[in-house]
Every structure is written in structure tokens, then in C-alpha cells.
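A short worksheet on the structure shown next.
Values quoted throughout were computed directly from the atomic coordinates according to the rules given, and no laboratory measurement underlies them. Here the structure is a predicted model, which means the values were calculated and not measured. Because the Cβ atoms are built from the backbone with ideal geometry, glycine has one as well, and the counts that use them run over all protein chains shown.
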Amino acid sequence: MTGPILSLRGVSKSFPQGGMLDRLLGRDGRLVALDAVSLDVMRGDVVGIVGESGSGKSTLAGLAVGLVRPTTGDVLLDGQPMAELMRDHAGPWRRRVQMVFQDSSSALNPRKSVARCLGETLALRGVPKAQCESEIAELLTLVGLGPEIGPRLPHELSGGQRQRIGLARALAMKPEVLIADEPVSALDVSLQAQVINLLSRLTRELGLTLLFISHDLALVRTLCSRIVVMRKGLIVEQGPCLDVLDRPQHPYTQALIAAVPKGLAGRRTPLPVRAADAAAIPETREDIHGAA
Amino acid sequence: MSGLAKTLCGLDWSGWLGAGIVGLILLAAIFAPLIAPYDPLGLDIEDRLAAPDMKHWLGTDQGGRDVLSRILFGARASLSVGIGAVLIGALIGVSAGVFAAYKGGLGEQIVMRVVDGVASIPLLVWAIAIVGILGVGPLPVGSLLLPNEVKIVVLVGCLFSPVFARVTYAVAKRIAGADYVRARFLQGASHWQIVIGDVLPNCLSPIIVQGTLLVAIGIVIEASISFVGLGVQPPQPSWGTMLSDARSAIYSGEWWLPAFPGLAISLTVIGFNLLGDAVRDLFDPRSDARTLVA
């Protein structure tokens with residue numbers, strides 16, 4: 001009953017590297033994107049996942065949503081393994097876990113109007129045609145848009161509006177878990193605040209569990225209840241958001257926090273980790289676990 | 001299709017010129033029996049090798065057949081091979097391209113390597129070699145007898161399919177990786193729904209452009225095959241056979257015999273190329289962006 005809604009048990013994911021010739025010649029290497037990661041997400045949690053580019057954040061999102069199959073390990077939804085829930089292509093996993101994408105211009109089919117995009121989603125959930133119109137209006141209101149936006153095509157919308165439609169589309173499946181992969185990093189600062197407030201309100205109102213993937217510590221601080229810090233395919237630190245951000249234990253977390261300029265806590269300006277800091281950060285799995 | 005209507009409105013002058021030429025030739029081919037002044041097969045020994053005049057606008061050939069009438073009827077052979085081959089090629093090539101792009105993995109490798117293989121030999125060489133092997137008679141397929149013309153349409157269509165496959169593959173590969181396709185997948189849409197509803201509609205513009213340009217190539221191929229005697233069989237008129245028959249006339253001074261069928265081929269090819277280029281400019285993402293911003 002009170003078990004985690006989503007959990008990863010020793011999940012690894014590696015991708016083959018190199019072309020077909022390399023594979024034939026046995027020169028293939030594998031890129032390890034995620035290395036035996038375990039993570040429990042409780043129902044109603046808003047979890048921020050932070051880390052530098054290439055740290056495995058997006059692979060984690062793909063795994064959680066079922067786009068990526070783990071190389072080893074298990075992903076469980078409400079205690080049931082992914083393999084079981086996804087045996088049928090349109091299985092329960094599909095409805096219960098949904099995703100909001102980073103690039104709002106690629107997230108919507110340029111040839112489908114907002115109403116059609118949402119209508120098709122509702123049809124896949126099995127909503128009868130007669131109810132679609134009222135449900136679409138409801139969804140649009142939910143994300144703070146008016147019904148007049150229904151007939152518009154994606155290119156006739158602003159980036160913020162598109163991102164809201166992407167959110168409405170995910171919510172149309174009535175998911176229990178929502179994965180947001182850098183949902184605001186392509187938006188300007190004022191729109192970011194709107195979308196973040198919207199996400200915050202929706203998670204509270206709908207009792208959603210949210211995995212919020214970001215490289216922006218300020219946003220994570222305002223939105224999330226828990227935080228997971230990733231680096232090189234490993235979770236280096238996790239815990240209640242404010243605890244971790246105010247008293248980081250791991251040197252990498254400390255470096256990440258130090259990289260945000262003082263006095264700019266509310267601004268989106270994550271700077272790269274300085275070379276000196278980076279040198280002090282443990283590189284290997286053993287180092288990281290030894291240090292943690 | 002409001003999209004097509006909008007597209008036509010955006011054509012520039014050369015596009016309109018191309019569309020005009022193509023339209024006229026299409027009309028001529030369709031209404032050939034109504035507008036042709038004479039029977040294209042009707043021999044008239046009295047009037048053989050007549051120079052263009054008021055009675056025979058484009059002159060007559062060695063058998064006294066009216067050149068204008070033969071060109072009008074010949075348009076049917078040329079256009080049906082050009083357009084038919086493009087339709088067949090699009091059907092095969094687009095399916096293969098979308099399949100390879102969407103499926104990925106081993107299927108993608110196999111399909112695209114076969115496409116490379118077929119495309120590595122020039123179209124005309126393939127066409128003449130295969131017709132040469134099969135012969136110009138009707139080809140029995142099961143209980144069906146395929147006339148030579150149908151055989152050529154199917155053959156040129158198959159030879160066009162790698163071009164369509166590559167064009168489609170390039171676009172579909174990008175679209176198959178787009179987030180909106182992922183989103184559809186996450187909602188539990190079937191592969192079929194995704195391909196028909198999301199991937200294909202977004203690949204259409206380059207396919208249409210390619211198709212328009214390939215009609216012109218199909219017409220040249222039909223003329224070439226007929227020229228070497230493997231295509232439309234005499235006495236049926238075709239621009240290629242007319243040119244072939246006119247070879248001897250080039251030196252003996254009956255200039256109208258090679259000139260007018262040659263002109264008909266050039267004009268049609270230019271028409272389809274102008275139209276294809278104009279449509280491509282319209283579908284160009286940059287010109288797209290311009291209209292989207294406005």
C-alpha cells in the first residue's frame with residue numbers, strides 16, 4: 001500500500017557504440033549511460049533529478065517512462081515489473097506513466113491542431129467521441145489556456161503555450177506518474193515561472209508523482225520535495241530537497257551548488273564546474289561510493 | 001485538400017509556367033480522340049511526307065499519317081508511363097523508406113542496402129536490359145497477360161522506387177525520432193496509427209517534389225525505350241517511336257518528322273521540371289519559416 005509508486009532496482013543501461021563494421025570486427029564498445037542505479041519514488045513525491053549533461057538524467061527518464069528498456073535490473077511500477085505491464089503494447093504502463101518533453105516545437109505534430117492532438121490522445125484512453133470536446137476544454141482550462149486555442153496548429157502557438165499543450169496531452173491519459181525532461185529549459189525566464197507554477201499546482205491538485213529533470217538547481221529548490229544528484233550514470237546523493245541543497249554531503253553536489261553564482265539563486269545561470277573543482281571530484285564508481 | 005490549394009497559390013511565375021505546360025499536355029492526352037484532326041493510324045499514301053501546311057499543321061510522315069494527331073495520341077503513352085511509373089515507384093519506395101526508417105535495426109540495413117544496390121546501376125541501363133531479356137511481347141503473369149506498355153510502367157516504377165525510398169527514408173528517419181512520435185508511442189498508439197497519422201503526413205512534401213521531377217525522367221525513359229524498339233510497338237504512336245522512325249528523315253530534309261516529337265518531349269520534361277522545382281521551393285523549410293513568421 002505504502003510502497004514506492006516507481007522504483008528502479010539496480011538498473012543499468014548501456015548503448016552500443018560504433019557502426020556495423022566495428023561490430024562485425026568485434027571493436028564495439030558500449031557507452032554506459034546508467035550504472036546499477038536504484039531509486040524509489042513514493043506516491044505524491046516531486047523529485048528533482050539534477051546533474052551535468054551526460055550524467056544519465058534523460059536515460060533515467062526514458063527508463064521510467066518505458067521508452068528505454070534496461071540492459072540489466074528492473075523498473076517497477078507500484079511493485080509490478082515493467083516487462084509484465086508492457087507485455088501488451090498498449091498496456092497499463094502506457095496510461096500510468098506519461099512524459100513532458102524538453103523541446104516543445106518537436107513535441108507536437110506540426111500538422112495536427114491542438115484539438116486533434118488532444119482528441120486522439122483521449123480516443124486512445126477510450127473516451128467516447130461525444131465526451132471528447134468537453135474533456136478537451138477541461139484539459140485546456142487545467143493548463144491555463146482557453147478553448148479558442150483548439151483549432152490552432154503548433155506553429156501558431158508560443159513556446160509556453162506549446163509546452164502547456166504538451167502537458168495537457170500527458171495529463172489527458174490521466175497518469176499517476178509524470179516525467180518532465182527539462183520542460184522549461186527552452187523557455188524564457190518569465191514563461192519558466194508560469195510553467196513551474198502550473199506544474200506545482202497540478203501535482204498538488206491531481207496528486208501526481210512528478211520526476212522533474214533539470215540542471216537548474218533554483219527551479220528544483222522551488223518545485224521539488226526530493227532531489228537526486230546524478231553524475232556519470234550514478235546517483236551520487238539523494239534526499240529531501242532542502243537538506244541536500246543546504247547541506248550537500250558529496251563533493252560533486254557541493255561543486256554544483258558552488259557553481260551557481262551567489263545572489264542569482266532565482267536565475268537560470270548554471271555555470272560549468274571549474275576545472276579545479278572538477279579535478280577534486282571522484283571519477284570512478286569506487287571513488288564515488290568511497291567518498292559518499 | 002486545402003494544403004494543395006494553398007501550395008498552388010504560392011507558385012512563382014516559372015512554377016505557373018510549368019503547371020500550365022503540364023496542364024495543357026494532360027488535357028491534350030485525355031482529350032486526344034476529340035481534338036486530333038485525323039486518325040493517328042490512318043494511312044494516306046497520296047499525302048505522304050507533306051510539309052506543315054494548313055491541312056496538316058505539323059506535316060505527315062512516310063505513311064501519310066498526320067504528325068499532330070500522332071503527337072497528341074503519343075502524349076498518352078508518354079504520360080501514362082511517366083505518371084504510372086511514379087505512382088508505382090512511390091507506392092513501393094515510400095513503403096520501403098518508411099519501414100526502414102521506423103523499424104530500424106536489421107530491417108533498416110537490409111532494405112537500404114537493397115535500395116543502394118538497385119540504385120547503383122543507371123535507370124536506363126536497367127530498363128533496356130530487362131525489357132531486352134523479357135522481350136516486347138505480352139508477359140504472362142499467372143493467368144494474366146501483361147501488355148508491353150503495362151510491363152514498362154511496372155518496370156520503370158520499380159526502378160524509381162529506390163529514389164523514393166531514399167527521399168522518404170531521410171525525412172522519416174528524422175520524424176521517427178521526433179518527440180511527438182515518442183509521445184504517441186507512450187500513449188499506446190499502434191505502430192500503424194503512428195506511421196499513417198504522424199510519420200507519413202510529415203514526409204509528403206519531398207515525396208511530391210520528387211514525384212513531379214521523376215515524371216519527366218519517366219517520359220524520357222519511355223521515349224528512349226520506344227526509340228530502341230523495346231517500348232510502344234508500331235503502328236501505335238509514341239514520341240520515342242516517332243523519333244526513331246524520323247531518323248532517316250533528318251538527312252533527307254523532312255525536318256518536321258524529328259522536330260515536333262522532339263519538341264513535345266522537351267516541352268513536357270521542361271514543364272514537369274519547372275513545376276517540380278517551384279513546388280520544392282515552396283516546401284523548402286526556409287520559405288516555410290518565412291510564411292510561418294508572417
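So between A:Ile257 and A:Met42, what do we pick up on full extension, going 0.36 nm a residue minus the alpha carbon distance? Walk me through the numbers on the way to the answer.
Working: separation 215, 0.36 × 215 = 77.40 nm, distance 2.55 nm.
Stretched fully, the A:Ile257-A:Met42 segment lengthens by 74.9 nm.
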**Over the protein assembly as shown: helical MRE at 222 nm, DSSP H runs n ≥ 4 each giving -39500 (n - 2.57), nearest 500** = -17500 deg cm²/dmol
**Item:** Euclidean distance of C-alpha centroids, segment A:21-66 and segment A:167-200, integer Å
**Value:** 21
**Item:** Relative packing of peptides A:139-152, B:108-121 - highest average C-beta neighbours within 10 Å first
**Value:** A:139-152, B:108-121
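Using only Cα atoms, figure out Rg for segment B:153-294 and give it as a multiple of 2.2 N^0.38 Å. Provide the component values of the computation, followed by the final result.
Numbers: Rg = 21.4 Å, N = 142, 2.2 N^0.38 = 14.5 Å.
Segment B:153-294 yields a ratio of 1.48.
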**Message:** Please compute the average number of Cβ atoms from other chains found within 10 Å of each residue's Cβ in peptide A:120-131.
**Reply:** 2
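Return the FRET efficiency for the residue pair B:Trp57, B:Ile196: r is the Cβ-Cβ distance, R0 is 60 Å, and the value is rounded to the nearest 0.05. Walk me through the numbers on the way to the answer.
Working: r = 50 Å, r/R0 = 0.83.
E between B:Trp57 and B:Ile196, to the nearest 0.05, is 0.75.
How large is the Kirkwood hydrodynamic radius of the protein assembly as shown, counting all unique pairs of alpha carbons, in Å? Don't skip to the end; give the middle numbers.
On the way: mean 1/r = 0.0352 Å⁻¹.
Result for the protein assembly as shown stands at 28.4 Å.
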**Asked** What Kirkwood radius, in Å to one decimal, follows from the Cα pairs of segment A:6-291?
**Response** 20.1
**Asked** Got the relative contact order for chain B handy, in percent, Cα pairs under 8 Å and 6 or more residues apart?
**Response** 26
**Fill in**
As a percent rounded to 5, the proportion of antiparallel DSSP bridges among beta bridges in the protein assembly as shown is 60
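For B:Leu144 and B:Leu91, compute 0.36 nm times the residue count separating them, minus their Cα-Cα distance, and round to one decimal in nm. If you can, show how the numbers build up before the last one.
Values: separation 53, 0.36 × 53 = 19.08 nm, distance 2.17 nm.
In short, 16.9 nm is gained.
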**Message:** Need one value for B:172-180: mean number of C-beta atoms belonging to other chains within 10 Å of its residues' C-beta atoms.
**Reply:** 4
**Request:** Determine the sum of side-chain charges near A:Arg96: Lys and Arg each +1, Asp and Glu each -1, restricted to other residues whose C-beta is under 11 angstrom from that of A:Arg96.
**Result:** +1
**Cα-projected label distance for A:Ala193 with B:Asp47, points at 7 Å along beta-carbon direction, nm** = 8.7
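Return the percentage of antiparallel bridges among DSSP beta bridges fully within segment A:6-291, rounded to the nearest 5 %.
Working: 22 of 40 bridges.
Roughly 55 percent of the beta bridges in segment A:6-291 run antiparallel, per DSSP.
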**Complete:** Mean other chain Cβ within 10 Å across B:188-194 is 4
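Name the trypsin sites (Lys or Arg not before Pro) in segment A:85-132 that are in a loop by DSSP and that have at most 11 other C-beta atoms within 10 Å, would you?
Numbers: sites: A:Arg87, A:Arg94, A:Arg95, A:Arg96, A:Arg111, A:Lys112, A:Arg116, A:Arg125, A:Lys129; in loops: A:Arg87, A:Arg111, A:Lys112.
Qualifying residues, ordered by number: A:Arg87.
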**Asked** Any idea how far apart B:Leu134 and A:Asp78 come out in nm if each label point goes 7 Å out from Cα toward Cβ?
**Response** 5.8
**Prompt:** Which value in nm describes the separation of the simple spin-label points at A:Glu156 and A:Gln131, placed 7 Å from the Cα toward the beta carbon?
**Reply:** 2.8
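Given an 8 Å cut-off on Cα distances and at least 6 residues of separation, report the relative contact order of segment A:50-156 as a percent.
Reported as a whole number, the value is 21 percent.
Please report, ordered by residue number, every helix of chain B (full DSSP H runs) that is 15 Å or longer along its axis going by C-alpha atoms and whose mean Kyte-Doolittle hydropathy reaches 1.0. Walk me through the numbers on the way to the answer.
Working: long enough: B:13-30 (25 Å, 1.89); B:67-103 (52 Å, 1.52); B:105-119 (21 Å, 0.84); B:123-134 (17 Å, 2.97); B:148-176 (40 Å, 1.13); B:200-227 (39 Å, 1.65); B:256-283 (40 Å, 1.15).
Flagged H segments are B:13-30, B:67-103, B:123-134, B:148-176, B:200-227, B:256-283.
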**Complete:** The summed charge of the A:Leu139 Cβ neighbourhood (under 12 Å; Lys/Arg +1, Asp/Glu -1) stands at +1
